[in-house]
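Taken together, the values in this text are just the output of simple stated rules run on the coordinates, not laboratory data. Note that the structure is a prediction, hence the values are computed from the model and not measured. Don't worry about glycine lacking a Cβ; one is built from the backbone with ideal geometry, like all the others, and counts go over all protein chains shown.
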Amino acid sequence: MADPAFADQINTHRGYLLRVARLQLRDHDRAEDVVQETLLAALSGSGFSGKSSLKTWLTGILKHKIVDAIRKKKREPQAVASFGSLDSELDIDDFEALFNDQGAWDTQPADWGDPEAALQRREFFDALDFCLEKLPANAARAFMMREVMELDTEEICKELTITANNLWVILYRARMSLRQCLEQNWFAGGAARG
């Protein structure tokens, strides 16, 4: 039986875990199942040593559960790759206006203050979640697979049935969109310096 105080601590991260799982799996029921499996694994195991934050430890468990769910889905007979049309996400012309003719920034990115300190604030992660939800579904999924789940290029491309070049373009667009969104919704107001 798990310590009730530890169970309460774990449960405070349920919302975050569910947002990550929903963003990655694009299926509310599967996301709920994966989060439930994550919480059960955390409560049944004694693996938390305190070397990282509880949230980081839970995210690590969640990453494995999501990968398992993705692989299981691929084995199901009715599973069809539904990555959708990439045409709109592969067009990088939207970002051409950010650069001058020599390829340098036309307008320098905003001063982000101390990004390390910003990462320690819960409000930053709320802004990041908001910006991730604003990304096109395919871009958000690819970004999460790469940056949160830390999957390698080959595995992501296989899962999404795209080429490595397509993946890099999608990741570029995702990063540029996130940058713009964070500048508008977090750093522009001076929140990073708070």
Problem set entry | Residues K134, K72, sorted so that the one with the fewest Cβ neighbours within 10 Å comes first | K72, K134
Exercise. What whole number of Å gives the distance from the Cα centroid of region 162-189 to the Cα centroid of region 1-45?
Worked result: 27 Å
For this session: Quick one: dipole size for region 1-80, taken about the Cα centre, charges +1 on Lys/Arg Cβ and -1 on Asp/Glu Cβ, in debye to the nearest 20.
Result: 440 debye
For this session: For region 1-80, build the charge dipole from Cβ charges (+1 Lys, Arg; -1 Asp, Glu) around the Cα centre, then report which of S53, I70, Y16 sits farthest towards its positive end.
Result: I70
